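Below: one structure, written as structure tokens.
The values are calculated or read from the model by the stated rules, or taken from the named source; none is laboratory data. Everything numeric here is computed off the predicted structure, so don't read it as measured data. Here the Cβ is made from the backbone with ideal geometry for all residues, glycine too, and neighbour counts use every protein chain on show.
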Amino acid sequence: MDKFLMMVLLLVFHMRLMALQLDEERAMHLLFELKHAVNRAVHAAAQQTDAALLAQGVRAIDEARAEEWFLDYLRANLRLDEHLAPLPGSPLREPVDVVVFDVINADETFPYHYRNAEHGLDVVLYGPGVVAAIRAEYPRIYRFISPIGWTVKGAAELVPGG
Amino acid sequence: MKQILVFVLFSSILCWMMFAPVYRHVVILRQALLQKEVDYMLEVGASGRYGYIDAEMIRASRERLESKGFNPSLLEYAVGTTSGEDATNPAKPVLRGTGIRLSISYPYGKLFAVDRLIGLDPVPGDVRMGASGVKMSEYVPDM
């Protein structure tokens, strides 16, 4: 009987380890996915040259369009809907929260040291750029790990050429 | 006698316990490798130098993934753009401002077959895992 009990205990222990490993491994890969999504979103936002200012010889970012494209690329890469809630096929379960979205435009002096103590952002920009951070939560499969949430940060500069 | 009986009763669970984590790990790893490949190809393809993802790049990608244990003939690539134009033509790169979309998929195969041991219905082998991404092209034609 005691061997039987031992076996059951071992089973439970092993299953727990498996669940932990599975969740932690998935969480790590999700973080990479989120980081790439933010990178691509800020990259797209930073390419939105202000055509009116460009005609005057100033390379600046059109802030309204930048935000629009930022959200657009975030949605496309993480498969989110209008309100940034996940669609079927999305790696997330909870809506994404955009906690920081700042456009550092051509009226600043460069190099520009961007600091945001609240979210731990610290970037040096050498030209007009976009800084953003999103808050996302990992969808746990099992309840063995405590909730994992990240503030994923990204920054991009307007690249020359357009 | 009793111990043998217990062992026989538990043997399928024991087998499942030994092999299931390995297969789960392979699933996660393959998924991650596909994602990394998509990231890499978009990084290169959407850069200012190319602006396209052509058949040659896809061939090279198949080779890379083959070296990681994928069967290259089962990999499926889908290249598109946010504007609907073709992104696979090197003679006509996608211009800056348009996004290049890439997704790679691969069937799960028999990775969940081991779940039969504990009475779970395995994920059908022809269901595909996939990774995708959209990145804005940086290509600007020479003046």
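Look through A:75, A:65, A:59, A:93 and report the one residue that is assigned to a loop (DSSP other than H, G, I, E, B), more than 9 Å from every other protein chain (Cβ to nearest Cβ) and surrounded by 14 or more Cβ atoms within 10 Å (Cβ to Cβ).
Going through A:75, A:65, A:59, A:93 in turn, just one is assigned to a loop (DSSP other than H, G, I, E, B), more than 9 Å from every other protein chain (Cβ to nearest Cβ) and surrounded by 14 or more Cβ atoms within 10 Å (Cβ to Cβ): A:59.
Name the single residue that is surrounded by the fewest Cβ atoms within 10 Å (Cβ to Cβ) among those in segment A:3-51 being aliphatic (A, V, I, L, M), closer than 30 Å to residue A:154 by Cα and at the interface with chain B (Cβ under 7 Å from one of its Cβ atoms).
Going through the qualifying residues, I end up with A:22.
Comparison of B:105, B:83 shows that the only residue that is under 20 Å from residue A:89 (Cβ atoms) and small (Gly, Ala, Ser) is B:105. Is one or more of the residues making up segment A:96-113 under 12 Å from the mean Cα position of the chain (by Cα) and outside any strand (DSSP E or B)? Within segment A:96-113, one or more residues are under 12 Å from the mean Cα position of the chain (by Cα) and outside any strand (DSSP E or B).
Could you check, for segment B:102-123, whether at least one of its residues is closer than 17 Å to residue A:41 by Cα and modelled with pLDDT of 90 or more?
yes
Considering (1) surrounded by fewer than 16 Cβ atoms within 10 Å (Cβ to Cβ); (2) of a type in the set (Val, Ile, Thr); (3) touching a helix residue (DSSP H, G or I) at 6+ places or on another chain (Cβ under 7 Å); (4) more than 13 Å from chain B (Cβ to nearest Cβ), the lone condition that residue A:141 does not fulfil carries the number (4). Taking each residue of segment B:9-36 that is among the basic types (Lys, Arg) and looking for partners that are in a helix (DSSP H, G or I) with beta-carbon atoms closer than 9 Å, six or more apart or interchain, yields B:24/A:18; B:24/A:21; B:24/A:22; B:24/A:25; B:36/A:32. Within segment B:24-42, identify whether any single residue is part of a loop (DSSP other than H, G, I, E, B), at pLDDT below 90, surrounded by fewer than 16 Cβ atoms within 10 Å (Cβ to Cβ) and at the interface with chain A (Cβ under 10 Å from one of its Cβ atoms), and answer yes or no. No: segment B:24-42 contains no residue that is part of a loop (DSSP other than H, G, I, E, B), at pLDDT below 90, surrounded by fewer than 16 Cβ atoms within 10 Å (Cβ to Cβ) and at the interface with chain A (Cβ under 10 Å from one of its Cβ atoms).
Against the numbered list (1) buried (at least 20 other Cβ atoms within 10 Å of the Cβ); (2) in contact (Cβ under 8 Å) with a residue 24 or more places away in the chain, residue A:102 comes up short only at (1).
Of the candidates A:97, A:107, the single residue that is farther than 15 Å from residue A:42 by Cβ and modelled with pLDDT of 85 or more is A:97.
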